[in-house]
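The structure appears below as structure tokens.
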Amino acid sequence: MSDHAGSTAATDAPRPLPRSARSERRLELAVTILLAAATVAAAWSSYQSARWSGVQTINFSKANASRVESTRRSALAGQQTQVDVSTFIAWVDAYSAGDKQRSDRATAQAKIDNQRSDNYVLALVLFASALFFAGISTKLNLYQFRVAIVAMGYAVFLGTLIWLATFPITVAI
């Protein structure tokens, strides 16, 4: 009788809902695919962020070089005061305006490139979040919770991937 009482207590304990081995394998495959895809996407975002940081640096360098050249030419022009003053002033104004516009364009492009780099870093963080969801899903006991967490991971991953598809890319070897 004591065996029977112990058996009743064991059967009264809540059990997780039964699930088929096929459903379990499908979920494991989905988690594996999410982990792999999010890892590759995170690496790509990191690479592009680094590339755009480099492009930004080059454009800021161009802007600074234009400013230095403009200053050098302005100083050189100041040393040539024997030239007709009115013609000289008109020439300097026109020439300096061209250098300033080039410098301003390079600075504006550098700011755009900086934003692109920041966007790739944000994509990297979102892909890492998808990796987190996939990884944490393996620690949950209830199948329904695991499915929900994996679905959240896929939602973050696919949303970020669609957003990433709108980004320009830069590639160098």
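Determine, for each peptide in 60-69, 44-53, the mean count of other beta carbons within 10 angstrom over its residues, then list the peptides with the highest first.
Listed from highest to lowest mean packing, they are 44-53, 60-69.
So what are the ³J(HN,Hα) numbers for the range 49-54, from phi and the Karplus equation (6.51, -1.76, 1.60; θ = phi - 60°), rounded to whole Hz, Gly and Pro as x?
With coefficients 6.51, -1.76 and 1.60, one gets 4, 5, 5, 5, 4, x Hz.
So if we plug the beta-carbon distance of ALA148 and ALA43 into 1/(1 + (r/R0)^6) with R0 = 25 Å, what FRET efficiency do we get, rounded to 0.05?
0.40
Multiplying the sequence separation of THR57 and PHE167 by 0.36 nm and subtracting their Cα-Cα distance, what value in nm do you get?
Extending this stretch completely gives an extra 37.7 nm.
Laboratory data are not the source of any read-out in this text; all were calculated from the coordinates shown. Keep in mind that this is a model prediction, so the values were computed, not measured. Methodologically, a virtual Cβ is constructed for each residue, glycine included, from the backbone with ideal geometry; neighbour enumeration extends over all protein chains shown.
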